[in-house]
Every structure is written in structure tokens, then in C-alpha cells.
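The values are calculated or read from the model by the stated rules, or taken from the named source; none is laboratory data. Because the structure is a prediction, the values reported are computed rather than measured. Don't worry about glycine lacking a Cβ; one is built from the backbone with ideal geometry, like all the others, and counts go over all protein chains shown.
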Amino acid sequence: MHSVEQFRDLQREVTAWRRYLHENPELDFQVHNTARFVTEKLASFGINHIETGIAETGIVALIQGQGGDGPTIGLRADMDALPILEASNKPWSSKVPGKMHACGHDGHTAMLLGAAKYLAKTRNFKGCVALIFQPAEEVELPSGGLKMVREGIMDRFSISKVFGMHNAPGTEVGTFSICDGPIMASQDDFDIVVKGRGGHAAKPHETIDPVVIAAQIIVGLQTLVSRNTNPIDSLVISVTKLNAANAYNIIADHVEMAGTVRTHVPDLRDFAERQIMAAAQGIAHGFGADIEFKYRRSVPVTFNHTQETNLAIRAARSLVGSASVVENIKPRMGAEDFAYMLEARPGAMIFIGNGPSAGVHNPAYDFNDEALPYGIGYWVSLVETLLAA
Ligand code: NI
């Protein structure tokens with residue numbers, strides 16, 4: 001049994017770290033200063049097994065328990081910020097115009113550092129904890145989590161289970177939420193070029209107007225969701241980009257469109273890839289046009305494993321009590337590259353309440369420092385539950 005009060009004296013120090021990271025955001029794999037900061041802190045806690053430079057700027061550090069032999073579990077935090085101009089008006093706002101920690105990865109990093117300090121001092125567990133600090137969660141493929149997995153961290157450090165945590169704006173500080181199975185969606189992207197025949201806008205009959213055809217494709221794709229997908233399964237197809245001619249009096253000879261596909265059902269990615277192409281092609285051919293089609297698979301479904309989800313729930317409950325842990329939230333449609341680590345090893349990702357803050361990726365967002373002792377406490381509780389000496 002743990003109490004959040006045990007972690008209150010760490011709160012002030014970890015808050016200072018969090019605000020330092022917030023003031024100094026870095027993007028994608030270029031989190032050099034952040035990684036240096038993390039490494040220095042870990043070393044100052046007396047952690048002597050620290051490997052840097054994994055996936056360019058990622059770090060894995062090992063803390064051995066005092067309770068004898070046991071498995072190694074991985075705890076993961078992300079370190080990168082977003083290319084957003086901050087408008088939080090906080091005293092610790094970003095010092096770098098156009099970059100900000102708008103997803104709370106500053107908080108995630110600070111909480112794992114706080115837990116590292118506590119665990120390195122107490123070592124009240126068996127086996128080993130692998131602290132995973134990853135770069136480039138927010139980028140296009142290959143992202144930092146994928147790269148760290150590809151560089152073999154799971155085998156190299158004998159990690160048997162892996163756990164992640166993300167803040168959740170709009171849920172109360174001191175609460176946790178999670179679900180078994182899919183918790184975040186997969187993300188795939190597609191590009192379609194509709195190739196018609198351009199001409200004068202006053203003589204449409206002499207053209208094959210790709211704009212009208214593109215419009216039908218956009219509507220047609222929504223039909224794949226509403227008429228061809230089991231309504232119980234989640235699927236989002238959004239056309240997000242549309243580019244044609246740049247004049248009032250010209251019918252374009254082609255239209256470029258692009259969009260994204262999100263789902264919690266892995267099989268629906270195959271369905272989407274196949275049927276988006278078939279629908280776009282069928283509609284285009286019907287009107288004498290042709291298409292080019294590209295489908296790029298990005299992040300897979302973030303899939304929480306049952307046994308590890310139950311462990312996460314137990315750890316959170318032991319910290320804040322059952323009433324503050326929601327165990328069956330609806331999965332979210334966003335994507336998270338921790339999914340790759342959950343493909344490599346069983347584990348679970350949990351959400352931690354961030355209070356009534358602006359949403360993530362919003363210029364007014366800020367991580368809530370009141371959540372820090374809860375996040376630290378969760379990590380410690382998880383380690384001491386799972387690796388009970
Ligand atoms: Ni994030």
C-alpha cells in the first residue's frame with residue numbers, strides 16, 4: 001500500500017525539473033539537451049547503468065532491486081515537444097518560439113525521473129527496473145518508440161513487461177483511467193491523386209473535372225464507414241487535404257487529396273487500404289478519370305494486455321483507492337507510438353488525470369504539476385507490486 005503523501009517531498013524538486021523541461025522544449029530526435037538533463041539526473045541518483053544514444057537520443061537506465069533475482073520491467077516516458085507557438089501565459093512558458101511541450105511529455109519525463117530517484121534510493125523490489133526515455137513520439141515514421149524497439153532494447157535489457165503513462169486533460173488530478181485491450185487507435189495515412197483532364201471552366205463538357213470526382217470520392221469514403229463496417233467496430237476515415245487548380249476559370253487536370261484512417265480493430269486497416277482504393281478507383285473510372293493511390297501504415301493499435309492491465313489497476317488502486325481508478329474507459333481515437341513497445345512485450349498504458357487543462361496539442365495546454373506525485377507514486381507502486389521482494 002502506498003500513499004501519495006510519500007511522494008510530496010519529491011514534488012517541489014520534480015516540479016522544478018518539469019518547468020525547466022517545459023521552458024526548453026526540443027523536437028523529434030533532436031532532444032539533445034533534454035537527454036543530457038535526464039542522464040545527469042539519473043547519474044546523480046546513483047544509477048550507474050545508463051545507456052544513451054539509443055534511437056539517436058533515447059536512454060535506457062537500469063536500477064537493480066535489493067530483493068534478489070527477478071524479471072526486468074520497462075517503464076517508459078517520452079521526451080519530445082511539438083512545433084507549436086505556446087500561448088499558456090505561464091511563467092515557465094517555452095523560451096523557444098514555435099516549440100512547446102503541448103502534450104505533457106515534460107511531465108512524463110519528470111515523473112519517471114522522480115520515480116527513478118525514489119527507486120534508486122529505496123530499491124525495495126526484486127529484479128530490475130529499466131527506465132526508458134524515448135525521443136520522437138510525435139513524428140512521422142519511424143518514430144522514437146519504433147526505433148528503440150528496432151534497436152533491440154527489449155532483448156538487450158531482458159525487458160519482460162513494459163508500461164506507459166500519458167496525462168489526460170479533463171480528468172481529475174489524482175485519478176487514473178485505463179481499459180483492457182485497445183486503448184488508443186492505429187494511424188494510417190493515404191494519398192489519392194485524381195487524374196482527369198483540365199480545361200476552361202466555362203466548357204466543362206470538354207474536360208474530365210477531377211474536382212467533382214474528388215467530391216464524390218470524399219462522400220464515397222464515408223459510406224465505407226457507415227455501410228461497410230460493423231457499427232460496433234470503430235473506424236474513422238477523414239479526408240484532410242484537398243488541392244486543385246488555383247484559379248476561378250480553370251478546371252484542374254488533377255486533384256490531390258490525402259487523409260487519415262484510425263481504428264481499434266487491426267483487421268480494419270486491411271479493409272480500409274483495400275476499399276479506399278477500390279472506391280476511389282471505381283468512382284474515378286466511372287467518370288473517365290484515373291487515380292494514383294498510396295496507403296502508408298503508421299502506428300498500430302495501442303493494445304493493453306489483460307494481465308498487465310490488471311497489474312496497472314492494482315498499482316493505481318493501492319495509491320489512490322478504487323474510486324479514483326476507472327478501469328473500463330472507452331478507448332481513444334488518437335494514436336500513440338508506445339503501441340510498438342506493446343507489440344514487442346506485454347504491458348499496459350494508463351492515463352493520469354491532468355485536471356481542467358486545455359487539451360493536448362493546444363497552444364494553451366500545460367502539464368499540471370499537481371499530478372506529479374501521483375505519477376511518481378504510480379510508477380513506484382507498480383514496481384513494488386509487480387516486483388514485490
Ligand atoms: Ni503525447
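Could you tell me which of the residues MET79, MET148, MET165, MET154 is touching a His at 6+ places or on another chain (Cβ under 8 Å), in the same structural domain as LEU27 (by TED's automatic domain parsing) and closer than 14 Å to LEU342 by Cα?
Numbers: MET79 fails: closer than 14 Å to LEU342 by Cα; MET148 fails: touching a His at 6+ places or on another chain (Cβ under 8 Å); MET154 fails: touching a His at 6+ places or on another chain (Cβ under 8 Å).
Of MET79, MET148, MET165, MET154, the one residue that is touching a His at 6+ places or on another chain (Cβ under 8 Å), in the same structural domain as LEU27 (by TED's automatic domain parsing) and closer than 14 Å to LEU342 by Cα is MET165.
So for the range 209-219 (the condition being touching a His at 6+ places or on another chain (Cβ under 8 Å) and more than 16 Å from the ligand (Cβ to nearest atom)), does at least one residue qualify? Even if it seems obvious, please write down each step before you answer.
Taking the range 209-219 first, the residues touching a His at 6+ places or on another chain (Cβ under 8 Å) are 210.
Retained after the next criterion (residues that are more than 16 Å from the ligand (Cβ to nearest atom)): 210.
Yes: one or more hits.
Name the single residue that is nearest to ARG19 (Cα to Cα) among those in the range 54-81 being within 15 Å of the ligand (Cβ to nearest atom) and part of a strand (DSSP E or B). If you could, list the steps in order and put the result at the bottom.
To start, the set of residues in the range 54-81 that are within 15 Å of the ligand (Cβ to nearest atom) comprises 76-81.
Adding the requirement that they be part of a strand (DSSP E or B) leaves 76-78, 81.
Details: ARG76: 20, ALA77: 16, ASP78: 16, ALA81: 13 Å.
Filtering first and then ranking leaves ALA81.
Taking ALA272 and the conditions (1) under 30 Å from ILE329 (Cβ atoms); (2) in a strand (DSSP E or B), which numbered condition does it fall short on, given that it satisfies the others?
(2)
Can you confirm whether the range 190-213 contains a residue that is over 30 Å from THR34 (Cβ atoms) and in the same structural domain as SER324 (by TED's automatic domain parsing)? Steps first, answer last, please.
Keep residues of the range 190-213 that are over 30 Å from THR34 (Cβ atoms), which gives 190-213.
Retained after the next criterion (residues that are in the same structural domain as SER324 (by TED's automatic domain parsing)): none.
No, the range 190-213 contains no residue that is over 30 Å from THR34 (Cβ atoms) and in the same structural domain as SER324 (by TED's automatic domain parsing).
How many of the residues in the range 238-269 are among the basic types (Lys, Arg) and part of a strand (DSSP E or B)?
Count: 2.
Tell me yes or no: at least one residue of the range 365-374 is buried (at least 20 other Cβ atoms within 10 Å of the Cβ), aromatic (Phe, Trp, Tyr) and within 19 Å of the chain's Cα centre (by Cα).
There is at least one residue in the range 365-374 that is buried (at least 20 other Cβ atoms within 10 Å of the Cβ), aromatic (Phe, Trp, Tyr) and within 19 Å of the chain's Cα centre (by Cα).
Could you list, in sequence order, all residues of the range 82-93 that are within 30 Å of LEU119 (Cβ to Cβ) and either within 16 Å of the ligand (Cβ to nearest atom) or not assigned by TED's automatic domain parsing to the domain that holds LEU27 (or both)?
Start the filter on the range 82-93 by keeping residues that are within 30 Å of LEU119 (Cβ to Cβ), which leaves 82, 90, 92.
Scanning the range 82-93 gives a single hit, LEU82.
Are there any pairs with C-beta distances below 6 angstrom linking a residue in the range 292-311 that is more than 23 Å from ILE73 (Cβ to Cβ) to a residue that is part of a loop (DSSP other than H, G, I, E, B), with the two at least 6 apart or on different chains, and if so which?
Between residues of the range 292-311 that are more than 23 Å from ILE73 (Cβ to Cβ) and residues that are part of a loop (DSSP other than H, G, I, E, B), the close pairs are SER298/LEU141.
Among the residues of the range 152-170, write down those that are within 15 Å of the ligand (Cβ to nearest atom) and either farther than 19 Å from TRP379 by Cα or of a type outside the set (A, V, I, L, M, F, W, C) (or both).
Residues satisfying the conditions are GLY164, HIS166, ASN167, PRO169, GLY170.
Please identify the pairs in which a residue from the range 157-184 that is free of Cβ contacts under 8 Å to residues at least 40 places away in the same chain has its Cβ atom under 7 Å from the Cβ atom of a residue that is part of a strand (DSSP E or B), counting only partners at least 6 apart or on another chain.
Close Cβ pairs satisfying both conditions: none exist.
Which numbered condition trips up LEU382, out of (1) crowded, with 24+ Cβ neighbours inside 10 Å; (2) under 24 Å from ALA185 (Cβ atoms)?
(2)
State all residues of the range 113-145 that are of a type in the set (D, E, K, R), more than 16 Å from the ligand (Cβ to nearest atom) and either farther than 18 Å from GLY67 by Cβ or not in a loop (DSSP other than H, G, I, E, B) (or both); if no residue qualifies, say none. Give the steps one after another, and end with the answer.
Filtering the range 113-145 for residues of a type in the set (D, E, K, R) gives 117, 121, 123, 126, 137-138, 140.
This time we only want the ones that are more than 16 Å from the ligand (Cβ to nearest atom), so: 117, 121, 123, 126.
Matches in the range 113-145: LYS117, LYS121.
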